[in-house]
Amino acid sequence: MRPTFSGRCYRGDVVRPEDVDYDSSRSVWNAMIDRRPAVIVRCRGVADVMAAVRFARERGLPISVRGGGHNVAGHAVGSGAVMVDLSAMRNVRVDPQGRRAWVEGGATWHSIRRQVDALHGVARLHLEGAEHDAVNIEWTRSFWQRMKPHSDQGRIYLNFAGVGEEGDDLVRRSFGANFDRLTQIKKKYDPDNQFRFNQNIPPRE
């Protein structure tokens, strides 16, 4: 029998601290991260995510989100939080003609590459083997140059600025002119700042 969650039938799994798979479910790539969520919601679809967010809001709990689980700082795991685990949501759909891709939150690079490689006429995003080093390096440098306008003069990787380097000033500088607009969006959709892990944008006062 599937567990019920926030009054609705839930397709995924709800893992609590007393469950045998709790420790393995809260583990991420960085094994040094040792935080204890209040509950872990392993989602299988959008309805599951909505139910998890509703559950957290009804109880005033913060929310952390796990995608691929590779963030070095381990922001996917929040102590006392509802951990929304998207790792089972890995579907990728690519439209070569429209040059677009739809990627679920738990997809890793492997998930994306497998789908791209399967499509005829779509260039691979990564080539393996030493003979392809020059091509890979050039692609990386080109990508970095294209991303510079969207960062603080190319010096900040927003998803992980560095251990101990997170802070309000850094976040504000990183988002630049968009910061004030994003605080308004945050106030509208997350006024209680439940999504406050990682490089957080607080709701506008």
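Observations on the structure shown:
- Near Asp13, the amide H atoms lying under 5 Å from its own belong to Arg42; only residues 5 or more places off or on other chains count, and H is placed 1.01 Å from N.
- Shown are Thr140, Thr183, Thr108, whose ranking by accessible area with a 1.4 Å probe and every protein chain present, most to least, is Thr140, Thr108, Thr183.
- Between amide H atoms placed 1.01 Å from N, distances below 5 Å from Arg66 occur with Val84, Asp85, Leu86, all of them 5 or more places distant or on a separate chain.
- Near-label residues of the stretch 72-102 by backbone N, under 20 Å of a point 7 Å along Cα→Cβ of Val46: 84-95, 100-102
- In Å², nearest 10: area of Arg16 left accessible to a 1.4 Å probe: 100 Å²
- Highest mean packing comes first when the peptides 44-57, 63-76 are listed by Cβ atoms within 10 Å, giving 63-76, 44-57.
- Integer Hz, Karplus 6.51/-1.76/1.60 couplings in order for the stretch 28-43, x for Gly and Pro: 10, 3, 7, 5, 6, 6, 9, 10, 10, x, 5, 7, 10, 10, 8, 7
- Around the amide H of Asn30, modelled in the peptide plane, lies no amide H under 5 Å away from a residue 5 or more places distant or on another chain.
- Taking label positions 7 Å along the Cα-Cβ direction at both Arg57 and Ala177, the computed distance is 3.2 nm, reported to one decimal.
- The phi torsions of the stretch 12-21, fed into the Karplus equation with coefficients 6.51, -1.76 and 1.60 and a -60° offset, translate into couplings of x, 10, 10, 10, 10, x, 7, 7, 5, 9 Hz, rounded to whole numbers, with Gly and Pro shown as x.
- Share of carbon and sulfur in the accessible heavy-atom surface of the stretch 1-102 [1.4 Å probe, %]: 50 percent
- The stretch 32-95 shape via C-alpha gyration tensor axes, a/c threshold 1.5: oblate
- For His110, the solvent-accessible surface with a 1.4 Å probe is about 120 Å², rounded to the nearest 10.
- Using θ = phi - 60° in the Karplus curve 6.51 cos²θ - 1.76 cosθ + 1.60, the 3J(HN,Hα) couplings for the stretch 52-69 round to 5, 5, 4, 4, 5, 5, 4, 10, x, 9, x, 10, 10, 10, 9, x, x, x Hz; x is entered for Gly and Pro.
- Residue order by solvent-accessible surface for Leu61, Leu170 is Leu61, Leu170, largest first, with ligands and nucleic acids left out and a 1.4 Å probe.
- Three-way shape call for the stretch 52-125 based on the alpha-carbon gyration tensor, with the a/c threshold at 1.5: prolate
The values are calculated or read from the model by the stated rules, or taken from the named source; none is laboratory data. For clarity, every value in this text was computed on a predicted model and none was experimentally measured. We place every Cβ from the backbone using ideal geometry, glycine too, and count neighbours over all the protein chains shown. What goes into the accessible areas is simple: the full protein's heavy atoms, side chains included, and nothing from ligands, DNA or RNA. Shrake-Rupley method; radii C 1.70, N 1.55, O 1.52, S 1.80 Å.
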